[in-house]
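Student: The structure under discussion is supplied below as structure tokens; questions concerning it will follow.
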Amino acid sequence: SGITTMFDSFGLVGEEFDSDRNTALGRMLQGMEEAANEGLLRADHFIHLRCEIIEPDIVQRFAALQEHPKLKLVSLMDHTPGQRTFPDPRKWKMHQKRRTGASDAELDTILAARQEARDQYATVNRRAVADICRAKGIVVASHDDTTLDHILEAEQLGNSISEFPTTHLAAAEARRRDIRVVMGAPNLVRGGSHIGNLSASECATSGLLDILASDYVPASLLHAAFLLTEETVGWSLPKAIATVTTSPAACVGLNDRGEIGPGKRADLLRVRVHNGLPVIRSVWRGGQPVY
């Protein structure tokens, strides 16, 4: 997919639907480290921890990983239905029915438990994890910001990224407060959010898009960057490509890459556009050919 620096996203999440993620986390981290040590990886890999802050033990679970040398980015997430990603709990129930096959009664029980946990833990856990990150120099992203209050909270905590804002208001306020706006490349490629939130295209057209994230579909990253140059958005090629190179590298403090210049790593792609789609022909990492 042409990605020479990869942030592997590991979720510190709840048990209702994702217990396998928690069980596998240690093995996944070990596998990434072993693969890197054995020279099996073509890309440079770092860790992005996604912390569900309504979990009672999230601070302890995060603290156990805070010293990992590859940890560069943390997202503070709250997927409680009724706000942010799912302001309408009915849409959350429909989404989970499709995803898990759970019954209405099961989902109602989970919903009530999540809302209770949010009331009890969200505020204190969000601040505690953010405080640890600030002390350790780890970049922090808020997630699915929707309202002005969400952005004000992110600013107060020292967050430098608004990851997937769900409304134009949130994206505009983030930019006004020098918080970088990240949108999903699949959102741009498919023409909108799969759950009806803010479209990446609208964000870009309004001049509010800073960074594109692969968000589960690595091949979408370069495709989306080239789509930004089409008439509907009209960005220049250098400005568009910066959303997947210079801007994300600078945002997470990787100042040795992301642009062509003296002393940089020389992570380079040779790309051919065929029928409107970018096709990768060659890849260099650190000046060495890897594809």
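The values are calculated or read from the model by the stated rules, or taken from the named source; none is laboratory data. All values derive from a computational prediction rather than experimental measurement. Because the Cβ atoms are built from the backbone with ideal geometry, glycine has one as well, and the counts that use them run over all protein chains shown. Just the protein is used for accessible areas: all its heavy atoms, side chains included, with ligands, DNA and RNA removed. Shrake-Rupley method; radii C 1.70, N 1.55, O 1.52, S 1.80 Å.
Student: Would you check which residues across the stretch 213-232 are within 14 Å of the chain's Cα centre (by Cα) and in a loop (DSSP other than H, G, I, E, B) and list them?
Tutor: Selection gives Ser214, Asp215, Tyr216, Val217, Pro218.
Student: Are any residues in the stretch 129-144 open to solvent by less than 40 Å² (accessible area, probe 1.4 Å) and either within 14 Å of Leu65 (Cβ to Cβ) or in a strand (DSSP E or B) (or both), and if so, which ones?
Tutor: Those that are open to solvent by less than 40 Å² (accessible area, probe 1.4 Å) and either within 14 Å of Leu65 (Cβ to Cβ) or in a strand (DSSP E or B) (or both): Val129, Ile132, Cys133, Ile138, Val139, Val140, Ala141, Ser142, His143.
Student: Within the stretch 101-119, which residues are in contact (Cβ under 8 Å) with a residue 60 or more places away in the chain and open to solvent by 60 Å² or more (accessible area, probe 1.4 Å)?
Tutor: Arg118
Student: Let me ask something else. Has the stretch 187-203 got at least one residue that is in contact with a Lys or Arg (Cβ under 7 Å, 6 or more places away or on another chain) and farther than 23 Å from Met94 by Cα?
Tutor: no
Student: May I pose another question? Quick one: which of Ala219, Ala242 is closer than 26 Å to Asp267 by Cα, surrounded by fewer than 21 Cβ atoms within 10 Å (Cβ to Cβ) and among the hydrophobic types (A, V, I, L, M, F, W, C)?
Tutor: Step by step, each of Ala219, Ala242 is checked, and only Ala219 is closer than 26 Å to Asp267 by Cα, surrounded by fewer than 21 Cβ atoms within 10 Å (Cβ to Cβ) and among the hydrophobic types (A, V, I, L, M, F, W, C).
Residue-by-condition table, conditions (1) more than 27 Å from Ala224 (Cα to Cα); (2) more than 21 Å from the chain's Cα centre (by Cα):
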site	(1), (2)
Ile47	no, no
Ala64	yes, yes
Thr80	yes, no
Arg84	no, no
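Each row is one residue, and each column tells you yes or no for (1) β-branched (Val, Ile, Thr); (2) closer than 19 Å to Asp210 by Cβ.
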residue: Arg127; (1), (2): no, no
residue: Ala135; (1), (2): no, no
residue: Asp145; (1), (2): no, yes
residue: Asp149; (1), (2): no, no
residue: Ser162; (1), (2): no, yes
residue: Thr166; (1), (2): yes, yes
residue: Arg177; (1), (2): no, yes
residue: Ile195; (1), (2): yes, no
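Student: Additional query: Return the residue satisfying two criteria in turn: it lies in the stretch 1-26 and is open to solvent by less than 50 Å² (accessible area, probe 1.4 Å) and among the acidic types (Asp, Glu), and of such residues it is modelled with the lowest pLDDT.
Tutor: Step by step, filter the stretch 1-26, then rank; the result is Asp18.
Student: I'd like to check something: does the stretch 247-258 contain any residue that is touching a helix residue (DSSP H, G or I) at 6+ places or on another chain (Cβ under 6 Å), at pLDDT 95 or above, polar (S, T, N, Q) and under 29 Å from Ala174 (Cβ atoms)?
Tutor: Within the stretch 247-258, not a single residue is touching a helix residue (DSSP H, G or I) at 6+ places or on another chain (Cβ under 6 Å), at pLDDT 95 or above, polar (S, T, N, Q) and under 29 Å from Ala174 (Cβ atoms).
Student: Looking at the stretch 38-70, which of its residues are touching a strand residue (DSSP E or B) at 6+ places or on another chain (Cβ under 6 Å) and assigned to a helix (DSSP H, G or I)?
Tutor: Across the stretch 38-70, the qualifying residues are Ile58, Arg61, Phe62.
Student: Do we have Arg90 as open to solvent by 60 Å² or more (accessible area, probe 1.4 Å), closer than 25 Å to Ser9 by Cα and without any contact (Cβ under 8 Å) to a residue 12 or more places away in the chain here?
Tutor: Against the criterion (open to solvent by 60 Å² or more (accessible area, probe 1.4 Å), closer than 25 Å to Ser9 by Cα and without any contact (Cβ under 8 Å) to a residue 12 or more places away in the chain), Arg90 does not qualify.
Student: How about the stretch 189-212: which of its residues are assigned to a helix (DSSP H, G or I), β-branched (Val, Ile, Thr) and open to solvent by less than 60 Å² (accessible area, probe 1.4 Å)?
Tutor: Within the stretch 189-212, just Val189 meets the criteria.
Student: Looking at Ser75, Ser1, can you tell me which residue is under 25 Å from Val290 (Cβ atoms), of a type in the set (Ser, Thr, Tyr) and touching a residue at least 12 places away in the same chain (Cβ under 8 Å)?
Tutor: Only one candidate qualifies: Ser1.
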